[in-house]
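Data block below; observations after.
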Amino acid sequence: QVQLVETGGGLVQAGGSLRLSCAASGRTFSSFAMGWFRQAPGKEREFAAVISRDRSTTLYADSVKGRFTISRDNAINTVYLQMNGLKPEDTALYYCAATISYSSTRRADFGSWGQGTQVTVSS
């Protein structure tokens, strides 16, 4: 298990940017691939992005590709999600998650989750 705490959410106008951070503690951070998921009101939690433990592989949902960038700094046990060109449909609670898989887009593969940080995009 690894403990995860997300920060950086907030209210932004359409077209704006936000950077989410997720600080990890507990077991060795570099052992985990890290992902970002999001859940809008009344909808299922969905995959947004994932980065492998060695940073060599990143995957994105089609809905965020070209606008969001996931990165990680293993020296300080932190993963980031840079979100540019935000749209009202990006409004959701954003969760950081960890998996022992090399890389995965499946929610069920992630065993550790943060509490979420709210992102609200106004039109």
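A short reminder: the numbers here are calculations on the coordinates, not readings from a lab. Small disclaimer: the values here were computed from a predicted structure and weren't measured. FYI the Cβ positions are ideal-geometry reconstructions off the backbone, even for glycines, and counts take in every protein chain you see.
Using the Cβ atoms and a cut-off under 14 Å, what net charge is assigned to the surroundings of Ser101, where Lys and Arg are +1 and Asp and Glu are -1?
Values: positive: Arg53, Arg106, Arg107; negative: Asp54, Asp109.
With Lys, Arg at +1 and Asp, Glu at -1, the net is +1.
What is the extension gain from Lys43 to Arg55, computed as 0.36 nm multiplied by their sequence separation minus the C-alpha to C-alpha distance, in nm to one decimal? Mind showing how you got there, number by number?
Numbers: separation 12, 0.36 × 12 = 4.32 nm, distance 2.97 nm.
Extending this stretch completely gives an extra 1.3 nm.
How far is it, in nm, from the label point at Ser122 to the one at Ser71 when both lie 7 Å from their Cα along the line to the Cβ?
Result: 2.9 nm between the two label points.
State the extension gain, in nm to one decimal, for the chain segment bounded by Ala108 and Thr7, taking 0.36 nm per residue of separation less the distance between their alpha-carbons.
Details: separation 101, 0.36 × 101 = 36.36 nm, distance 2.32 nm.
Length difference between fully extended and current span is 34.0 nm.
How large are Rg and Dmax for the chain when only the alpha carbon atoms are used, in Å?
Both quantities, over Cα of the chain: 13.2, 41 Å.
Could you tell me the relative contact order of the chain? Use alpha-carbon pairs under 8 Å, at least six residues apart, and round to a whole percent.
With pairs under 8 Å counted, the relative contact order is 36 percent.
Mind listing the Cα extents of segment 7-65 along all three principal axes, in Å, largest one first?
Sorted largest first, the three principal extents are 36, 24, 23 Å.
As a test, work out the antiparallel percent of DSSP beta bridges whose residues both lie in the chain, rounded to the nearest 5. The partial results should precede the final answer.
Working: 38 of 42 bridges.
Counting only bridges with both partners in the chain, antiparallel ones make up about 90 percent.
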